[in-house]
Amino acid sequence: MTASGTVKKSVSIAIAGSGGAGAITAGAILLEAAGKSGWYGMMNRSVGPQIRGGEAAALLRLANHPVECMSEEYDLLIAIDWKNANRFAAEMPLKADGLIVSDPSAGEVPEAVGASGAAVAEIALKELAKAIPGGRENMIAAGLAAGFIGLSIDHLIEVMTTKLSPKGDAAVAAGRICLEAGMAQAARHPKGFEIGAADLKNQGRWLITGNEAVGLGAVRGGVRFAAAYPITPATEILEWLAPSLAKIGGALVQAEDELSSINMAIGASFGGRAAITATSGPGLSLMMESLGLAAASEVPVVVVDVMRCGPSTGIATKSEQSDLNIAVYGFHGDAPHVVVAPLTVADCLYTTQWAVHLAEAMQVPAIVLSDQSLGQARVLMKRPVNLSFLANRKTYDGKIDAAYNRYALTADGISPMAIPGTAGGQYTADGLTHCERGTPSTRRSDQREQMDKRHDKVANFDYGVHWGEITGTGETVILTWGSITGPAREAIRALKKDGIEVKLVAMRLISPFPKEALLASLEGARRILVVEQSHSGQFYRYLRSNCDLPGEIRRFHRPGPHLIGAAEIGNRIRDWQNP
Amino acid sequence: MNAPLPSPFKARDYRSDVAPVWCPGCGDFHVLMSITRALAALGRPPEEIAVISGIGCSSRIPAYTNCYGFHGVHGRSLALATGLKVARQDLTVLAISGDGDGYSIGGNHFLHACRRNVDMTYIVMDNRVYGMTKGQPSPTTEPDWDSALSPGGTGLGPFHPLVIALASGANFVAREFSGDLKGSTRTILEAIRHPGFSFVEILSPCVTYRPDEKDWKNTVHPAVVEETDDPARAARRIMTDDGMNTGILYRGRRAPYVAHVSDTRVDIAALERDFEI
Ligand SMILES: Cc1ncc(C[n+]2csc(CCOP(=O)(O)OP(=O)(O)O)c2C)c(N)n1
Ligand code: SF4
């Protein structure tokens, strides 16, 4: 156990129980209350393969600084019961100086859990809950966790009241007594898990998931149409968009499959509405042919792929970064398009909004590669700034005297698009090779000119500084993309404390490959560690096929579901520094 | 009833100058004529009409019109058209397929478009063969029709599009013969005017791979019974007809699809407030 009185900056808590035990609710209340207290945090849930019920655990990390990833080890494990402990044990390893809260009535602490060396506090959660009319163990657990970390009871009660009030006054009253009882229990146990002073300068937290942030980024960018076919872990994007679009005058249609959803989005965009759909790997596979149509017919559309473990149905609830290849290379023929990847949960908003802007500006399909670890994580973040990325499509206003050519060859490759309803702008959008006017053609010159045009508009576009994020300096570089950015940044902070300077280069723009900007950011690099969550090292291969990286290269990659964490990345760098 | 004002448009206003790729004598020429005539009678300017298709000889039609068009991928005309119409209620939307495009690769969309009942018109040019790929059997081809891909025939009974449309909830079901320009024009116009999802199957001979279909002009006949709004009656009739009955067979009363709209209209800032704690 940590020395009494030590104040931590970040505490990781797992609340585990079988389905229906309410572990997730307890975690959600803690997270929001922490936000009200000026802290930051992140919550992920671990759910079993059962559709309903089965195992569930709330995995939380709370801190007095913004957090961008979960930690690999936990300080506190509160077990409402041990029914699924063996499955969870590997997912939530405990620190040796951590604490296990175990209810003696739930049986012995399982060996897999106890092996960590963490101390055990026996607290009779069930008995305590029974003593309170309408009392529930999960609320005792929430009170207990709050007590350990020094969270204010007022905020806890406030959040619980809003969450439980639909269940009636009695539930709220019982919840309150449970929270207090839990807190009182914590006071009787050793200290050492308090989080330091809150960030009170930056109040006004947002509580948002990556999937919700994608939805918000889309509507901020100008999306007013979505087509939907549900798939884990992307469904929450669509479920957020459905009521939200309706409220702002847009529409969402539930399609019969992804072949349909992508075409509905393309159809709406042809009609002049910025359109989006969201899916995961299996759905993206079904959409590929139509994404090629969008590329050839130059209709903007955004597809968000919340990646999960593949191939095939894989592990629907777990993260991986293994759809890079299909997103970049999955089209038949040469079909210039855009692939971008959010770097953190908060960045899901930024990147999606940027994707809408890019798709609309260049009249291309844009694929956003999010993943489960971002999409389904809920974070406390500072209120995001307003971005200037907006859907701004170059359209034809019908006022040109000469005959309108939809696919006219222009200096930047972008041709004004006539929107149905515009007199004089009638044309047929076509996936067949066509001439400038749009009429199908098999002429060499048309194929060549239209291919060049579509290539040039994407290749020569100014992506500005948004292509990636660079932090730190030094000759040692961690080069990564997407959701590994959070753990990589954390690794770099920890290394810095040990006097090891490492630079991070995290790519947001995947395709077109930002070669010049990337190489400039790597100038002077002597060692580059390429990190990614895929079995075959798709990102590494993609990098190598596009440029020669400077210096000595090492790579660290593995498939999901075991997320790559900060400490592991840090250790790779340390080992390299001290061979 | 007041007589509608004469339309200021002629059929040729809906025709582009692009020459069709079709074989001489192909039934699709007639379908193009019927569509442009029906649009002229409808009287909406060409820029307010969108013609959306998949892939096949028949699906080439959008570029031959002077409307907004989309020649998409094989089988997905209905999905493209649905997205367009939901996003742009103000447009008149026609979706076009062949029997391969609409009933085989796009079969699932057909069921759900009927169910969804978006206000648009779906015209399938049925020649009971895959024309564009040079003569393979389609879902409406007779079981004993011999071809290189299915020597001796598929042995499969043909798919009955009208029954399926009706059972799936289409709000207007009709069959026409391409050679009957008057009948086809009238039915297409009625289909466009009827709210909801209107399905018009047009028998359109493929003179190249199904020369036997040249005889259709002798075998089609107008439906002997009046159209109905009773799906049970329509079903019984369509189930038992010889596949050559033409005319409007069913005209339903289902309300067309409308996308979910919220009573409260807010701006994006209001959506963002939900994330504040
Ligand atoms: C995904 C895909 N598969 C196959 C094809 C090849 N193909 C082109 S048209 C066609 C069949 C068209 O038949 P139908 O819809 O009956 O139209 P028709 O040519 O007879 O008018 C096929 C199979 C294709 N273009 N795309
Ligand atoms: S192959 Fe058949 S369907 Fe195609 S254009 Fe020729 S006649 Fe018409």
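Some observations on this one:
- Whichever residue in the stretch B:74-89 is within 15 Å of ligand 1 (Cβ to nearest atom) and more than 7 Å from chain A (Cβ to nearest Cβ) and, among such residues, is surrounded by the fewest Cβ atoms within 10 Å (Cβ to Cβ): B:His74
- Inter-residue pairs, beta-carbon under 9 Å, first at the interface with chain A (Cβ under 8 Å from one of its Cβ atoms) and closer than 19 Å to A:Glu289 by Cβ and in the stretch B:102-116, second assigned to a helix (DSSP H, G or I) and within 16 Å of ligand 2 (Cβ to nearest atom), 6+ apart: B:His109/B:Gly102
- Within the stretch A:356-448, strands (runs of 3 or more DSSP E) holding 3 or more residues that are of a type outside the set (A, V, I, L, M): A:365-371
- Considered as a group, the residues in the stretch B:251-271 that are open to solvent by less than 20 Å² (accessible area, probe 1.4 Å) and touching a strand residue (DSSP E or B) at 6+ places or on another chain (Cβ under 8 Å) include one that is nearest to the other protein chains (Cβ to nearest Cβ), and that residue is B:Ala259.
- Within the option set B:Met120, B:Met125, B:Met132, being within 14 Å of chain A (Cβ to nearest Cβ), at pLDDT 95 or above and within 16 Å of ligand 1 (Cβ to nearest atom) holds for one residue only, B:Met132.
- Search result, residues across the stretch B:119-168 that are outside any loop (DSSP other than H, G, I, E, B) and within 16 Å of ligand 2 (Cβ to nearest atom): B:Ile123, B:Val124, B:Met125, B:Asp126, B:Tyr130, B:Gln136
- Looking across the stretch B:10-28, the residues that are within 13 Å of ligand 2 (Cβ to nearest atom) and assigned to a loop (DSSP other than H, G, I, E, B) come down to B:Ala19, B:Pro20, B:Val21, B:Trp22, B:Cys23, B:Pro24, B:Gly25, B:Cys26, B:Gly27.
- Residue selected from the stretch A:390-449 under the condition more than 24 Å from B:Thr65 (Cβ to Cβ) and at pLDDT below 95, by the criterion most open to solvent (accessible area, probe 1.4 Å): A:Asn392
- Against the conditions (1) open to solvent by less than 70 Å² (accessible area, probe 1.4 Å); (2) within 15 Å of ligand 1 (Cβ to nearest atom), B:Val21 satisfies every one except (1).
- Checking A:Arg454, A:Arg448, A:Arg444 one by one, the residue that is within 22 Å of A:His332 (Cα to Cα) and within 34 Å of the chain's Cα centre (by Cα) is A:Arg454 and no other.
- Residue within the stretch B:168-176 that is within 14 Å of chain A (Cβ to nearest Cβ) and over 16 Å from B:Met125 (Cβ atoms) present: yes
- Matching residues in the stretch B:59-102 - criterion: being within 15 Å of ligand 2 (Cβ to nearest atom), in contact with a Ser or Thr (Cβ under 7 Å, 6 or more places away or on another chain) and part of a helix (DSSP H, G or I): B:Ser59, B:Ile61, B:Ala63, B:Tyr64, B:Asp99, B:Gly100, B:Asp101
- Only residues that are under 23 Å from A:Leu293 (Cβ atoms), open to solvent by less than 20 Å² (accessible area, probe 1.4 Å) and not small (Gly, Ala, Ser) were counted in the stretch A:242-256, giving 1.
- For the stretch B:197-209, the candidate set comprises residues that are more than 9 Å from ligand 1 (Cβ to nearest atom) and open to solvent by less than 10 Å² (accessible area, probe 1.4 Å); within that set, the residue that is farthest from the other protein chains (Cβ to nearest Cβ) is B:Leu203.
- Those strands (runs of 3 or more DSSP E) of the stretch A:176-291 in which 3 or more residues are touching a Ser or Thr at 6+ places or on another chain (Cβ under 8 Å) and without any contact (Cβ under 8 Å) to a residue 24 or more places away in the chain are absent.
The values are calculated or read from the model by the stated rules, or taken from the named source; none is laboratory data. This one's a predicted model, so the numbers in the text were calculated from it and none came from an experiment. Backbone-built Cβ (ideal geometry, glycine too); neighbour counts: all protein chains shown. These accessible areas exclude ligands, DNA and RNA; they are computed on the full protein's heavy atoms, side chains included. Shrake-Rupley method; radii C 1.70, N 1.55, O 1.52, S 1.80 Å.
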